[in-house]
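Notes follow once the structure below has been shown.
The values are calculated or read from the model by the stated rules, or taken from the named source; none is laboratory data. The shown structure was predicted, so the numbers you read here are calculated from the model rather than taken from an experiment. Counting neighbours? That spans all protein chains shown, and the Cβs are built from the backbone with ideal geometry, glycine included. The protein model used for the area step is the full one, side chains on, heavy atoms only, and it has no ligands, DNA or RNA in it. Shrake-Rupley method; radii C 1.70, N 1.55, O 1.52, S 1.80 Å.
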Amino acid sequence: MKILRFLISLFITVAIVIALNKKIGSIPPLGKFLDPVNGFWANAESDISMPDNFSIDGLQSPVKILYDDMLVPHVFAENEDDLFMSIGYVHAYHRLWQMEFQTHAAAGRLSEIVGDLALDMDRGQRRKGMVFGAENFIKYMDQNSLNAIKQYAKGVNAFIDQLSYNTYPFEYKLLDYQPETWTILKSGLLYKFMSDMLNSMEKDLENTNFRSIYGKELLDLIYPDVDNYNDPVVDKKNSWDFKPITKENSETSINDLVAIDLLDPPNPNNGSNNWAVGPSKSATGNPILCNDMHLSLYMPSLWFYNQLNCGEMNVFGHSLPGIPMVITGFTDSIAWGFTNAQRDLVDWYKIEYEDENRDKYLLDGEYIPALKKVEEIKIRNSETYYDTVVYTVFGPVTYDNTYRSESQKNGYARRWIDHDASDAFKMFYSINHAKNFHDYMEALDNFSSPAQNVIFASVQGDIAHRVQGRYPLNNFEEGKFLKDGTLSSNNWTEYIPNEHNAFWKNPERGFVASANQHPADSTYPYYITAFSYESYRNRRINEVLRADNEVTIEDLKNLHYDNFSLKASESLPTMIEKMNGQNLSAIEMDIIESLKKWDYYFNKDSKEAVYYDIWFEKLYLSIWDEIIKSGDENIPLKYPTNNSTIRLMKEFPNHDFFDNKLTDTTETVEDLILYAFREMMKEVAELKEKGDFTWSSYKSTFVLHLLRIKPLGYYNIESGGSGGDVVNATGTNHAPSQRIIIELDPKGVKAWGHYPGGQSGNPGSKFYDNMVEAWAKGDYYDLLFLTNPDESNTRIIFSQTLTSNK
């Protein structure tokens, strides 16, 4: 029972001046917060505490909600309006604070809650144009999607309107503020927040700096457009059945040194795995689809299971609280899932102002008026901050002399695909209704961002994969560097047609799969660039699936938890070989011998995984020390990939980058490998002194509460895997945020899954973190998929009816 968390919270109040005042900047009135009737104690739940009946103004017919033993709501309504209104109420009941906190973060409004410590982040969000993008998103939304989020907002507000301080979610009491009315814009903001996290990795400015410092030849060597063509998402060599479109104009880039303190980028390991096996490889003859999406781990959990049924639609899966549709999951006929496609959907433009007033900027030979938007940032317990953001034909100027840059007459404008009108919600709405392959393809035509590898399987026996997004048409190396913002011709003018996006259906090999690798083989006729592509998980997944022609559900569970590291297998032998002839101590030789026998599995009890991980990290940092130092001096450079690092180590062992410029001697890769090994030995000695020494204890996986309050998180989770390069991409605080396996049986779709958290957002509920241990151990829950509200099932533990006030 989670009441123990609330006992721990007493200690939080004792330490609140030391801890929370630094992190949050505001102390709740302790008398009100500790009130045993209305304060945080009121949030403790010993069992299900929802009302049996609840009235919502505007419902046309009664809605029945059945909760199963995982606290998954199965919502049955007679029409779509009632369905979306009801799921709005359900999401708000379980996750209101999370919904509002995340949309405040997206809009650049956290200072209203936590004070001036969030001011820089809020300015960054506004200067990236998050609200601008969300407003365009809502403005051009199709009628079905718009109606869905309007009904959803009514349901959320029905829950908010009946709240009192006693029933506020815990975090409102802790931070001493109250919820505000939910708007349709907030649903748009939440979606843009996710898009920004998945499709906003910086590259253009860093590439420009590297080219300016080291030259184009070295840039091409260390940052190739494609690290590895092996096993792309779609491999159709010389079989692309369309004539590619072309454009005449070539864009111009700037060869500058850009001094900017970049905003914190998204986690570079944000990604996913997905695959689907067809009938020819499945032991049952049914297609099976799998998906796991890799993101930072937080509580309340990012995802929320729900089933939505209104007759013409019956869908189950992961929703994002704040959005009414199921994001990834299955209907009674099809299943779908996502991995990030990594494509470059952000360009940067150097803007030249007429003078320091920034009222006009140069475009096509003349100075034209800039659009200025004054952002009013309210700050808790402080004066309001006003920030003037300049908008150009390309987009908002994120960096200028008032924000993270010192250039007086230049600014850097951000062109982002998510500033444009789009209708991703139409895709989700349509795929939630989908019955077959045609419906899947038609739904994806509406999807522009974030660029995704969208996998598909159906009860008809089809499997498919489509690399979907709205991609600017670029000639070679366009979009790779800072662009000249004085020429309107450098703006995006044409886009790759949907029908030319990489895609295949029912490939001869019997499966489709992606893991953030390159989208297509080398014969694909369009130029593609990205921050980076994954090089290891994809090959391991394909290797396992190729070898198995009788794939079972158990096999796919094991593949989700596969801990084998191709990166280690392709780098460690070289690292050990380069140690030959070195004068090593007996203890050092023991470590080398142990590593020679290692099977390259990052299992939770492995010691060799610790040796290798520390050794490679020390080596990486010593090789790229000049790049790291440049970033510290506000000349941002991009960190090379692991694949590029290993290739350089093997093919160019005497490269100049291995030389430490601070010494009189010329170092080679052998010198850096020995240095990194000795540094690893020092760290290992310190770890052994602390006692328990395994891979699991070293990486110490944890799930963090959004407010970073330790008693409300989940720590020291025993697990194998490794972030980024291993199929089981479980790192320290970044890992598979969910896993799902779906068998498309014509007699009835079956599914298994989990995520590292629980359905409830209330730390006082037993459903707050009840799935974490199953997630860590590889145990899956049977996901209950009902066909009607009167279906008898022993797993149903609670029933709720929503009715109209009128």
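Here are the numbers for the structure shown:
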| quantity | calculated |
| --- | --- |
| Among the residues listed as Leu218, Leu198, Leu163, the single one being touching a strand residue (DSSP E or B) at 6+ places or on another chain (Cβ under 6 Å) and open to solvent by 10 Å² or more (accessible area, probe 1.4 Å) | Leu198 |
| Residue in the range 454-475 that is surrounded by the most Cβ atoms within 10 Å (Cβ to Cβ), counting only those that are of a type in the set (A, V, I, L, M) and farther than 20 Å from Lys192 by Cα | Ala457 |
| Residue that is hydroxyl-bearing (Ser, Thr, Tyr) and without any contact (Cβ under 8 Å) to a residue 12 or more places away in the chain, where the choices are Thr668, Thr694, Thr641, Thr663 | Thr663 |
| Boolean, Thr730 is touching a Pro at 6+ places or on another chain (Cβ under 7 Å) and open to solvent by 20 Å² or more (accessible area, probe 1.4 Å) | no |
| Which listed residue, of Asn538, Asn580, Asn603, Asn563, is surrounded by fewer than 21 Cβ atoms within 10 Å (Cβ to Cβ), touching a residue at least 24 places away in the same chain (Cβ under 8 Å) and not small (Gly, Ala, Ser) | Asn603 |
| Candidate set: the range 431-445, residues that are open to solvent by less than 30 Å² (accessible area, probe 1.4 Å) and not in a loop (DSSP other than H, G, I, E, B); chosen: the one nearest to Asn249 (Cα to Cα) | Leu444 |
| Matching residues in the range 738-757 - criterion: being among the acidic types (Asp, Glu) and not in a strand (DSSP E or B) | Asp745 |
| Scope the range 779-789; condition open to solvent by 20 Å² or more (accessible area, probe 1.4 Å) and closer than 15 Å to Asp292 by Cβ; matching residues | Asp779, Tyr780, Tyr781 |
| Selected residue [closer than 30 Å to Thr328 by Cα and either surrounded by 15 or more Cβ atoms within 10 Å (Cβ to Cβ) or touching a helix residue (DSSP H, G or I) at 6+ places or on another chain (Cβ under 9 Å) (or both)] from Ala370, Ala451 | Ala451 |
| Helices (runs of 4 or more DSSP H) enclosed by the range 583-660 - at least 3 residues per element that are closer than 19 Å to Phe677 by Cα and either at pLDDT 95 or above or among the aliphatic types (A, V, I, L, M) (or both) | 586-597, 608-623, 642-651 |
| Asn157 more than 21 Å from Pro450 (Cβ to Cβ), open to solvent by 50 Å² or more (accessible area, probe 1.4 Å), assigned to a helix (DSSP H, G or I) and among the polar types (S, T, N, Q) | no |
| Single match in Thr398, Thr384 (criterion: within 29 Å of the chain's Cα centre (by Cα) and either open to solvent by 10 Å² or more (accessible area, probe 1.4 Å) or more than 30 Å from Val75 (Cα to Cα) (or both)) | Thr398 |
| Cβ-Cβ under 8 Å pairs, at least 6 apart or on other chains, the range 110-133 side under 22 Å from Leu345 (Cα atoms) and polar (S, T, N, Q), far side open to solvent by less than 10 Å² (accessible area, probe 1.4 Å) and not in a helix (DSSP H, G or I) | Gln125/Gly108 |
| Count - residues of the range 401-430 that are touching a residue at least 60 places away in the same chain (Cβ under 8 Å), within 30 Å of Glu312 (Cβ to Cβ) and either assigned to a strand (DSSP E or B) or open to solvent by 10 Å² or more (accessible area, probe 1.4 Å) (or both) | 5 |
| Answer from Tyr177, Tyr172, Tyr152 - the residue that is open to solvent by less than 50 Å² (accessible area, probe 1.4 Å), within 30 Å of His734 (Cβ to Cβ), outside any helix (DSSP H, G or I) and aromatic (Phe, Trp, Tyr) | Tyr177 |
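A quick yes/no check of all residues on (1) assigned to a loop (DSSP other than H, G, I, E, B); (2) among the polar types (S, T, N, Q); (3) over 29 Å from Asn446 (Cβ atoms):
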| site | (1), (2), (3) |
| --- | --- |
| Gln60 | yes, yes, no |
| Asp81 | no, no, no |
| Gly88 | no, no, no |
| Tyr93 | no, no, yes |
| Gln98 | no, yes, no |
| Ala118 | no, no, yes |
| Gln125 | no, yes, no |
| Glu135 | no, no, no |
| Met141 | yes, no, no |
